[in-house]
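These notes are about the structure you will find just below.
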Amino acid sequence: MPACPALFIGASASHQGKTTVTAALARHHTRRGLNVRVFKTGPDFLDPMILERACGAPVYSLHLSMVGLDACRALLAEAAREADLILIEGVMGLFDGTPSSADLAAAFKVPVLAVIGAHGMAQTFGAIAFGLARYREDVPFHGVLANRVASARHAQMLSEAIPQGLRYCGHLSNADDIALPERHLGLTQPAEIEGLDARLERAADAIAQTALVDLPPPVHFDDATLPAPPRLLDGMHIAMARDAAFSFVYPANIDLLVAMGATVSTFSPLADEPAPRDANALYLPGGYPELHAATLAENARTRASIAEHVARGKTVIAECGGMLYLVETLTDVEGAKHAMLGLLPGDAAMQRRLSRLAMQRVDTKHGALTGHTFHYSTLATAMQPVLHATHATTGTAGEALYRHGPVTATYMHAYWPSNPAAAAALFRGESL
């Protein structure tokens, strides 16, 4: 049974600074020479990019539904065998969602550090901390950290408000200049944040002034492994679009393709790189094509290579932003219309309001394939779905899955390790 110091970073709500604190802890202990492994709870692409920058290692998702209990157990066991510290960043508020961050922390007995944005409060901070610590007896609790503290006097009032028996781990100040910028889908991508490493260093300096300077106690994890997936993609070359416009990729998805025998390469539509002509399949992941629509519309080499790939009847898997890249037009939030590749019938439009946010599952002949959806665009298309996903917990109608020639497209971001056989069928161009 491997043991490793571990801490679960939760919060009272979203936007409290969980990622900033997790990144600060990761950078602080990494620069001490420790091997830090960081995980993110739930479906997320942006937070893991920041956390990977902070610790220098890929950040994998943990979620009791999407990833599954057994796979979560195996990922944590693998990390515990190799790492000096495991950090798990939660999602939303500690008890929000089904399953919640608290469910994950309780399942693996990882103590929770609760981050509370203390701006606009004083003694109420203590009441919120008490509630988080005592709401569920099965959730181990490490302590509480105040974020966005205005002054030394403010910090003193917060610490004095903590009820006896709870650990106050200190505070991070507004003056530390460590907050991470956000946009509509979450944090800004690392390459777009000026001086990110300097910001992470300041965050690590700030965390070093708190009671979190030392490692947390070790947690014992079950010595679990998962069986190797069948080599259903032996000999296949899968080329993946990868740049600032197409960056929403689960590391576990790529690991699975390789484990099933595929060779995975990348190309950049933003740099007008052609898709490899010898690729058996293309993967166009989600991202921010709307922020780069004018450039994507002008890049003729990539356009021609993908069109040729489709004309030769070769498989394309397009998720969310990747699907928008293939339709006829994409209208941005300012109303400017951009010509996309025109390989799928339909027109997409960005909007300022969230269109859909939900955990999803699609039932295939190979079983359930899990994932999520999160987008601010709408799609008007004459395509008829070949399948519909459903909401993972309520069973209500979810995203459509389209098949148009050799192209399979959907708003759903699938977590392929949840069903390797279904993932392989997608890339082999077979029906689900």
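The values are calculated or read from the model by the stated rules, or taken from the named source; none is laboratory data. As the structure is a computational prediction, the values presented were derived from the model and not from experiment. Cβ: placed from backbone, ideal geometry, glycine included. Neighbour counts: every protein chain shown.
Scanning for something in a helix (DSSP H, G or I) and over 18 Å from Arg199 (Cα atoms), does segment 54-65 turn up at least one residue? Looking for residues that are in a helix (DSSP H, G or I) and over 18 Å from Arg199 (Cα atoms), one finds at least one in segment 54-65, hence yes.
Of the residues Thr410, Thr393, only one is among the polar types (S, T, N, Q), in the same structural domain as Leu326 (by TED's automatic domain parsing) and buried (at least 24 other Cβ atoms within 10 Å of the Cβ); which? Write out each step before concluding.
Details: Thr393 fails: buried (at least 24 other Cβ atoms within 10 Å of the Cβ).
Of the residues listed, the single one that is among the polar types (S, T, N, Q), in the same structural domain as Leu326 (by TED's automatic domain parsing) and buried (at least 24 other Cβ atoms within 10 Å of the Cβ) is Thr410.
The strands (runs of 3 or more DSSP E) found entirely in segment 77-176 that carry 3 or more residues being buried (at least 20 other Cβ atoms within 10 Å of the Cβ) and within 26 Å of the chain's Cα centre (by Cα) are 85-89, 112-117, 141-149.
The residues of segment 344-366 that are part of a loop (DSSP other than H, G, I, E, B) and at pLDDT 95 or above, listed by number, are Leu344, Pro345, Gly346, Lys365, His366. Pairing each residue of segment 13-36 that is in contact (Cβ under 8 Å) with a residue 24 or more places away in the chain and over 28 Å from Gly120 (Cβ atoms) with any residue that is hydroxyl-bearing (Ser, Thr, Tyr) and outside any strand (DSSP E or B), provided the two are 6+ apart or on different chains, yields C-beta distances under 7 Å for Val36/Thr30. Against the conditions (1) of a type outside the set (S, T, N, Q); (2) without any contact (Cβ under 8 Å) to a residue 40 or more places away in the chain; (3) more than 16 Å from Val139 (Cα to Cα), Val59 satisfies every one except (2).
Across segment 117-159, the qualifying residues are those that are among the aliphatic types (A, V, I, L, M) and in contact with a Lys or Arg (Cβ under 8 Å, 6 or more places away or on another chain), and the one among them that is nearest to Gly10 (Cα to Cα) is Val144. Can you tell me which residue is farthest from His375 (Cα to Cα) among those in segment 271-298 that are buried (at least 19 other Cβ atoms within 10 Å of the Cβ) and among the small types (Gly, Ala, Ser)? Restricting to residues being buried (at least 19 other Cβ atoms within 10 Å of the Cβ) and among the small types (Gly, Ala, Ser), the top hit is Ala279.
Mind listing just one residue for me: the one in segment 254-265 that is of a type in the set (Val, Ile, Thr) and buried (at least 17 other Cβ atoms within 10 Å of the Cβ) and, of those, farthest from Asn299 (Cα to Cα)? Before the answer, list the steps.
We begin by selecting, within segment 254-265, every residue of a type in the set (Val, Ile, Thr); these are 254, 258, 263-264.
From the residues that got through so far, the ones that are buried (at least 17 other Cβ atoms within 10 Å of the Cβ) too are 254, 264.
Values: Ile254: 26, Val264: 23 Å.
Checked segment 254-265; the qualifying residue farthest from Asn299 (Cα to Cα) is Ile254.
Do the conditions hold for Glu430, that is, is it free of Cβ contacts under 8 Å to residues at least 40 places away in the same chain, on the phi < 0 side of the Ramachandran plot and of a type outside the set (Lys, Arg)? If you could, list the steps in order and put the result at the bottom.
Details: free of Cβ contacts under 8 Å to residues at least 40 places away in the same chain: yes; on the phi < 0 side of the Ramachandran plot: yes; of a type outside the set (Lys, Arg): yes.
So Glu430 passes the test.
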